[in-house]
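Enquirer: My questions will all concern the structure given below.
What follows is calculated from the coordinates using simple rules that are stated; it is not laboratory data. Just so we're clear, the structure is a prediction, and the values are computed from it rather than from any experiment. FYI the Cβ positions are ideal-geometry reconstructions off the backbone, even for glycines, and counts take in every protein chain you see.
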């Protein structure tokens, strides 16, 4: 691809994001799960303009997201089928909606743009918009299988009490308990978190609270894609709060930015974190410094997994 093509693909990114948000909200991938259908038929069912929907699907199909099998008729591809599973449609809804609006306000001030655009900081706004909070919790459950695989690289004694700090619906912790029948768990998160407490079973329970104030005591504290939401000062406060309740160790699942010009999704996620809440992705060295400042001794930092013990 020539230089102009690289720039064009980068410039049109917002259009792709918005188009994905639209088809996710319209549940197009789900509607095509049984086979090809016309955009006109889909538009009638969804109560939208047929020409506009056709143009959105045609553009996405040019990138391999959906396929136009004959004029005006579309089917799913392996890429579009992702939108029909595991919270990816909620991710597309957020990226193509409230997050995209926030990114348009991003500047070089170093401050989160979300409060300027939406009139409140990100977490308070979610608490005030239950439907968006539910979409966020479902989206955050997406990818739990990969996080579970990373947890399998952690040695488990077998009888620990694991506290999943900011654990959302509890999907990751429940999957960990299923693999390790002697573990017990606590899902700790804000009261507005959408969850099914009956599904937690007799080895796991939900505890409401803020990780800036206190967290339940346990043997192992897990922070899965939590700390990247926060700037260094706030992340250190969270780690200090966990340190006060610490048992044997801390396990963190989070991105680690590669050095140099290596293509790395974390470098783009870093900008989203800045826009939403002033958070950041971190390099290995930045993780080590952050942990040390909060009273933790890093035992392992790499490949998306951090293990630390109280210093």
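Enquirer: Under 8 Å for C-alpha pairs, at least 6 residues apart: give me the relative contact order for the chain, rounded to a whole percent.
Expert: Working: 531 pairs, mean separation 40.7, N = 311.
Reported as a whole number, the value is 13 percent.
Enquirer: To the nearest Å, what is the center-to-center distance of the range 21-78 and the range 272-300, using C-alpha atoms only?
Expert: One Cα centre to the other: 41 Å.
Enquirer: Could you tell me how far the Cα centroid of the range 141-218 sits from the Cα centroid of the range 221-271, in Å?
Expert: 17 Å
Enquirer: Is the shape of the range 79-181 rounded, prolate or oblate, going by the alpha carbon gyration tensor and its root eigenvalues a ≥ b ≥ c, with a/c under 1.5 for rounded and a/b larger than b/c for prolate?
Expert: Numbers: a/c = 2.39, a/b = 1.84, b/c = 1.29.
It comes out prolate by the Cα gyration axes.
Enquirer: Arrange the peptides 244-256, 149-161 so that the one whose residues have, on average, the most other Cβ atoms within 10 Å appears first.
Expert: Numbers: 244-256: 18.8, 149-161: 13.2.
Going by the mean number of other Cβ atoms within 10 Å, highest first, we get 244-256, 149-161.
Enquirer: By its C-alpha gyration tensor, with a ≥ b ≥ c as the square roots of the eigenvalues, how is the range 169-239 shaped: rounded for a/c under 1.5, else prolate for a/b larger than b/c, else oblate? Working shown, then result.
Expert: Numbers: a/c = 2.04, a/b = 1.67, b/c = 1.22.
It is prolate, given that a/c is not under 1.5 and a/b is the larger ratio.
Enquirer: Mind telling me which of 295, 166, 35 comes out most flexible in a GNM of the chain, alpha-carbon contacts under 10 Å?
Expert: Of the options given, 35 has the highest mean-square fluctuation.
Enquirer: Please report the equivalent ellipsoid semi-axes of the chain, computed as sqrt(5 x eigenvalue) of the Cα gyration tensor, largest first, in whole Å.
Expert: On the way: eigenvalues 272, 106, 68 Å².
With the √(5λ) rule applied to the chain, the semi-axes are 37, 23, 18 Å.
Enquirer: For the range 205-311, calculate the relative contact order in percent as a whole number, restricting contacts to Cα pairs under 8 Å that are 6 or more residues apart. Could the numbers behind the result be given before it?
Expert: Values: 182 pairs, mean separation 31.3, N = 107.
Relative contact order for the range 205-311 comes out at 29 percent.
Enquirer: Here is a further query. Using helices alone, I'd like the mean residue ellipticity at 222 nm for the chain: each DSSP H run of four-plus residues gives -39500 (n - 2.57), total over residue count, nearest 500.
Expert: Values: 16 runs with 141 residues, N = 311.
Result for the chain: -12500 deg cm²/dmol, rounded to the nearest 500.
Enquirer: Right, something else. How big is the Cα convex hull of the range 47-126 in projection, averaged over all directions, in nm²?
Expert: Orientation-averaged projected area of the Cα hull: 7.5 nm².
Enquirer: Cα-based Rg (one decimal) and Dmax (whole number) for the range 129-223, in Å?
Expert: Cα-based Rg and Dmax for the range 129-223 come out at 12.8, 41 Å.
Enquirer: Looking at the range 192-311, send over the antiparallel percent of its DSSP beta bridges, to the nearest 5.
Expert: On the way: 10 of 16 bridges.
If I count the DSSP bridges inside the range 192-311, around 60 percent turn out antiparallel.
Enquirer: In whole Å and largest first, what semi-axes does the C-alpha gyration tensor of the range 140-310 yield when each eigenvalue is scaled by 5 and square-rooted? Mind showing how you got there, number by number?
Expert: Values: eigenvalues 119, 58, 55 Å².
Over the Cα atoms of the range 140-310, the semi-axes work out to 24, 17, 17 Å.
Enquirer: Per the Kirkwood treatment, what hydrodynamic radius in Å, one decimal, follows for the range 106-164 from the mean inverse distance over all distinct Cα pairs? Could you put the intermediate results ahead of the total?
Expert: Numbers: mean 1/r = 0.0674 Å⁻¹.
One decimal place: 14.8 Å for the Kirkwood radius.
Enquirer: How much length is gained if the chain between residue 194 and residue 14 is pulled fully straight, taking 0.36 nm per residue apart and subtracting their Cα-Cα distance, in nm to one decimal?
Expert: Details: separation 180, 0.36 × 180 = 64.80 nm, distance 2.92 nm.
Length gained, residue 194 through residue 14: 61.9 nm.
Enquirer: Does the range 1-140 classify as rounded, prolate or oblate by the C-alpha gyration tensor (a ≥ b ≥ c root eigenvalues; a/c under 1.5 gives rounded; else a/b over b/c gives prolate, otherwise oblate)?
Expert: Working: a/c = 2.27, a/b = 1.41, b/c = 1.61.
Cα axes put the range 1-140 in the oblate bin.
Enquirer: Can you give the % of DSSP beta bridges in the chain that are antiparallel, to the nearest 5?
Expert: Roughly 45 percent of the beta bridges in the chain run antiparallel, per DSSP.
Enquirer: Then there's this: Let me understand the range 1-71 better: what is its radius of gyration from the alpha carbons, and its Dmax, in angstrom?
Expert: Both quantities, over Cα of the range 1-71: 13.3, 42 Å.
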